[in-house]
Amino acid sequence: MEMIQQVDNQKDIIIKTIKEAEASAEELYELRKAAFQQWAEAGLSTAATVIQIEQFKKYIDSRTVFVARDAVTGELLGMHTLRLNKRKGRARGANLAVSPKAKHEGIASRMLQEEALRLRKAGYRYMMGTTGIPATWSVRWHLKNGYYIVGYSRSERNNYASYIFRKQI
């Protein structure tokens, strides 16, 4: 199912699963690495910023992955991984990444809308996510897109604090 979304003067994008989009793990890895550079520049070193390609391939093989491509050029603009739990009616999002070339163009929000639509049709009730507390841009994005904070976690391994978010779909 191909979904082309255009909002106002924003670029036309196609949002598909990784299988539908025939995206390679290598191109997703490079997009993710470039997108997470912002985290590294802010001094936020997490497992998400240092994963190697082989680990990444195993990770995405066990998830549902959505990608956004430019409808005209085919350029990869964004990706988001979801771990689905049908029994609980929950989708856990992670690794939301947008190409630095397409930042602030609404790509992530448009991907979230398409994911929520598909998940709701499949019987899921809500989405969960986490983000580092110091990543204020990410916290603002979650809140702007209808998530609310339901908890807090801290990694003992690297003393990294995160908010836990939930969004009804």
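Being within 15 Å of the chain's Cα centre (by Cα), assigned to a helix (DSSP H, G or I) and at pLDDT 95 or above is a condition met by no residue of segment 150-165. If I filter segment 62-82 for residues that are open to solvent by 80 Å² or more (accessible area, probe 1.4 Å), modelled with pLDDT of 95 or more and touching a strand residue (DSSP E or B) at 6+ places or on another chain (Cβ under 9 Å), do I get at least one hit? Checked segment 62-82: no residue is open to solvent by 80 Å² or more (accessible area, probe 1.4 Å), modelled with pLDDT of 95 or more and touching a strand residue (DSSP E or B) at 6+ places or on another chain (Cβ under 9 Å).
Any residue at all in segment 109-132 that is at pLDDT below 95, among the charged types (D, E, K, R) and open to solvent by 20 Å² or more (accessible area, probe 1.4 Å)? No, every residue in segment 109-132 fails to be at pLDDT below 95, among the charged types (D, E, K, R) and open to solvent by 20 Å² or more (accessible area, probe 1.4 Å). The C-beta contact set for segment 23-38 (first residue among the small types (G, A, S), second residue assigned to a helix (DSSP H, G or I), distance under 7 angstrom, 6+ apart or interchain) comprises A25/F56; A25/K57; A25/I60; A34/P100; A35/P100.
Of all residues in segment 83-106, those being part of a loop (DSSP other than H, G, I, E, B), over 14 Å from A35 (Cβ atoms) and open to solvent by 40 Å² or more (accessible area, probe 1.4 Å) number 3. Within segment 1-33, how many residues are open to solvent by less than 50 Å² (accessible area, probe 1.4 Å) and modelled with pLDDT of 90 or more? Total meeting the criteria: 14. Against the conditions (1) within 24 Å of A21 (Cβ to Cβ); (2) in contact with a strand residue (DSSP E or B) (Cβ under 7 Å, 6 or more places away or on another chain); (3) in contact (Cβ under 8 Å) with a residue 60 or more places away in the chain; (4) not hydrophobic (A, V, I, L, M, F, W, C), G132 satisfies every one except (1). Could you tell me whether segment 146-160 includes any residue that is open to solvent by 40 Å² or more (accessible area, probe 1.4 Å), within 19 Å of F36 (Cβ to Cβ), free of Cβ contacts under 8 Å to residues at least 60 places away in the same chain and among the aromatic types (F, W, Y)? Checked segment 146-160: no residue is open to solvent by 40 Å² or more (accessible area, probe 1.4 Å), within 19 Å of F36 (Cβ to Cβ), free of Cβ contacts under 8 Å to residues at least 60 places away in the same chain and among the aromatic types (F, W, Y).
Scanning segment 125-166 for residues that are within 18 Å of A97 (Cβ to Cβ) and of a type in the set (V, I, T) returns T130, T131, T136, V139.
Summed over segment 88-105, residues that are at positive phi and modelled with pLDDT under 95 total 2.
The values are calculated or read from the model by the stated rules, or taken from the named source; none is laboratory data. All values derive from a computational prediction rather than experimental measurement. When we count neighbours, we look across all protein chains shown, and the Cβ atoms used for this are built from the backbone with ideal geometry, even at glycine. Just so you know, the surface numbers come from the protein's heavy atoms only, side chains and all, with ligands and any DNA or RNA stripped out. Shrake-Rupley method; radii C 1.70, N 1.55, O 1.52, S 1.80 Å.
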